[in-house]
Every structure is written in structure tokens, then in C-alpha cells.
């Protein structure tokens, strides 16, 4: 069946498949490359559009675009509804990622060591639960069960867990915090992994995927901003005693989540159709086996390379972020000005996302991302070359450039992952969208956790003293600070951009190479 679907891409005007003339040699660009190897895709990245329009050889049959590419574009109204769950995702994650542990330590009297241990244990459990949710949501989708049911279950789990996590009793134990925090993470995963998989399956066309990704990213950032508005707005309306980030504000947040999460999620589930269903088309997945599972994940070279690129990006940006406050205050000598720069970062990010979405629709996606990472590396280099007391304007300009270029990741990475999901379907005969999304998510979580502590540990090992600033910082400590805050991220971003430039997958190359490929992975039967 998959072979027949590939054949539909290259039939000529008579409905027949093009034949290679007898005695003719294979084209030079294809010679020596195995169609079943992911590196077979490398050559098609260079000129996919020309070959799709003019045929494989000069004068040969024209390659007709996939029937899906002629589908009408997704309306803005539908995109708006599709992005609604992202608002609450950003709204809920904002406190969990930054202030939740501090509030529990301050107001509930829990020890920081105990809180840190609980968070670490939850993250370890998170790895298993995310992978299981991704795997079983894929298996159910292969059998015609909508991913929407997973989101519905996750909505219920999230509402209950956040109600108790954000509205604890006066006396709580570390078990109370850890248990409800773990359940909240499970609820988020039940919602978000199927949601991201659904967004990538909704359309196979790269341009439409880019639009969907842009809207969801914007909605998530809007939700993050709205969380920090709850305190001042609640105080202005007399609902809160103060606008501070405290347990009272978290309690109001839980009420808003309980009211708005089912409203936004279920409205999107009702109005937005399912993605393309392989089960509805008559596809029967091959019998599951350990060999097939390992081959479709660890043997998927484009996926492994994308995860490597993502790991480098997040590790380097995480290292810089973990010491950015020390770099601004202890070395650059910025005091209150630092808060101004940080306050401007998020609005600038929201303006940059539509621009990257626009660029990604008009130019080769992975090249756009590669250029964005390379330019982010250049901006990080400039950050490391700043002298002490550079002024708010100069630092703000360099910091803005770092944020702007790094934002290309939020748009490009999910769309390229969608192409890799299609690649996996064609070569292995199974839908691994949820599993691929969960693998990427877990890598990001693990790398961010490593970076958050690794930067500070490296500074301490190199003798940096956070109580010293300006001329009191030793040359060795200053070198470590600049290396962590700017120069290592610069090298990492540029290296990731180079790796990405040669990523052996793209939407166009996938279609063309799939049409040439005689069969999926050897030894795996596909019906």
C-alpha cells in the first residue's frame, strides 16, 4: 500500500509509471546511494523543486505534486481555534518552570533539598510516562482511535492535580507536593504529546505545518504573559490582597485553569477535525516488535540528527541562561537596567515568531533554521565581547539579536519533525508521531536540567565568587563566566547550524526519494 501511494506521485499523463530506458545508466546524482539509506535523501535537498517540476531527467515525465498539496489553505479562524489549547499550556507552565518551588519553600516551609529531590524524582518518572504516552497514543491512532481522547483525559487529570497543587492546605508534606506535581506532569503530557502529534498530522504540507506551528507558539507565549498579569489584575479587582507571586495568586490561577482549560480544549476538540488517519485509508500496521521499535526510533538517522541539533541548542542556551544574571550584574555592571532588558525579551520574542514563520514558508525550512542558529552564534559572540558598563542600549541590542535568531527553533523544529514523522511512516510502515514528539520533549527536559546546574557548577569549579564584581573578579573566573555565558553558546549554535544544513530530510526530498524508493526498510513487511 505504501508503495502504491508513492507510485501516485510519479505517474505520467497516461497513468503509467515512468520507465528507465533500456541500457541507460543511473543519473550521476543517484549512483552509489542506496534508496533505503537516509543519506539517499541528501542529494535531493539541493534541487527538489526543479526535479519536482521538470521530471527526473531532461525530457522525462513530469512529477505531479501530491494531491494534498492542492488542498485549500487552512483558514485563520480554524488556526485560531486550533491554537487555543496552547494558551493554557503556556499559562500553566509559567509558574511550574520558575516560581512554584520557591513559593512552596517560602510559604509551606519545605526544605530546598527536599523540593529539589522531589523535582528530580518527578523528572525521572516523566521520562517513562512521556514515552509510554507517545507510544500508546501512536498505537491507538493506527487503529483509528482519535488522539482527541487522550487530550480529553489529560484535561481532566490536569484540572484535578493543579487544583490541589496550587491550593495546598496550610500544612503540607513533601509527599503532597511531589505526588500532585507528578500527576500534573502526567496530565500535561496526556494533553500536549497528542496535541503536538495532531498538529503535525493535520496537514502533510510543510507550509501549512509552518502556519500551525507559528500559531501554537504564539498562543503559548501569550499564555505565559497572561500568567504574570493575574497578580496585578487580581489586586486591581480586589480578588487578591497583593499582586505578588505567592500562594494566593496560585490559588486564583487554579480557579482560572479549572474554568478555562475545559472550555478552550474541548472547543478545539469539537471544531477542529482529526489529522490524516492511516487507519481510515485501510492501512494495517505491521505487527509490533522490539526490532521494529528500535529500528524506527534509533535507526531513524534524521530523527537522531535532529535530536542532536536540538540537544546542542538547548544545552548552550541553557548554560547561558543559567549564568545570565551573574554576567549582567557582576561583570557588565547592569543593575536595575537588567530588569528592563529581561522585561523586553518576551514582547520581542512574540514579534519575531511571525517573521520566522513567514521566512519558513518562503525559503527551505532547514536552511532558514540553520541560518538562524548561525546568526544566533554570531550574536552570542558579540555578547562575549561587550566591555563592562556597556549601557542598556548596547546590551539590549545584542540581547535582542540573540533572542530573535534563537526563535527560529520554535518554528522550524516542529515542522522538520513532521517531515521526519512522514519519513518514518514511509520507511517503517508505522506511525511514531507521538513517540518522536515525546523523545524530543524528553531530550529538551534532560538537557535543560543539565544546563541549569552545569553552568553554575562549572563557574564554582573555576573559582567564580558571586559576591565579587567588576575588578574583583579574577581573570580565570572572568574567563569561565564569558565562556559559559557567551562563547560556548556561540560555538554550539554555529556547530548546530552546520549539522542542520546537511540534515538528510526535507518535505520535498522526502516526496521525491519516496517515489524512487523500491521498498521500505528491508526485512520489515508493510501492508
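The values are calculated or read from the model by the stated rules, or taken from the named source; none is laboratory data. Fair warning: this is a prediction, and the values are worked out from it, not measured in the lab. Neighbour counts are summed over all protein chains in view; Cβ atoms, including those assigned to glycine, are modelled from backbone coordinates with ideal geometry.
General observations
- Selection from region 455-468 of residues that are at pLDDT 75 or above and either touching a strand residue (DSSP E or B) at 6+ places or on another chain (Cβ under 9 Å) or in a helix (DSSP H, G or I) (or both): 455, 457, 458, 459, 460, 461
- Residue 194 passes every criterion in (1) over 30 Å from residue 347 (Cβ atoms); (2) at pLDDT below 90 apart from (2).
- Test: residue 222 is in a helix (DSSP H, G or I), under 17 Å from the mean Cα position of the chain (by Cα) and surrounded by fewer than 19 Cβ atoms within 10 Å (Cβ to Cβ): yes
- For residue 169, the conditions (1) under 24 Å from residue 247 (Cβ atoms); (2) in a helix (DSSP H, G or I) are fulfilled apart from (2).
- The single residue among 380, 428 that is under 17 Å from residue 490 (Cβ atoms), outside the structural domain of residue 125 (by TED's automatic domain parsing) and in contact with a helix residue (DSSP H, G or I) (Cβ under 6 Å, 6 or more places away or on another chain) turns out to be 380.
- Residue among 178, 144, 109 that is farther than 30 Å from residue 267 by Cβ and either surrounded by fewer than 17 Cβ atoms within 10 Å (Cβ to Cβ) or not assigned by TED's automatic domain parsing to the domain that holds residue 248 (or both): 109
- Tally of residues being assigned to a helix (DSSP H, G or I) and touching a helix residue (DSSP H, G or I) at 6+ places or on another chain (Cβ under 8 Å) across region 200-214: 10
- Counting only helices (runs of 4 or more DSSP H) wholly contained in region 284-374, the ones carrying 1 or more residues that are at pLDDT 80 or above and under 16 Å from the mean Cα position of the chain (by Cα) occupy 301-326, 336-362.
- Residue match in region 383-391 (condition: surrounded by fewer than 18 Cβ atoms within 10 Å (Cβ to Cβ), assigned to a helix (DSSP H, G or I) and without any contact (Cβ under 8 Å) to a residue 24 or more places away in the chain): no
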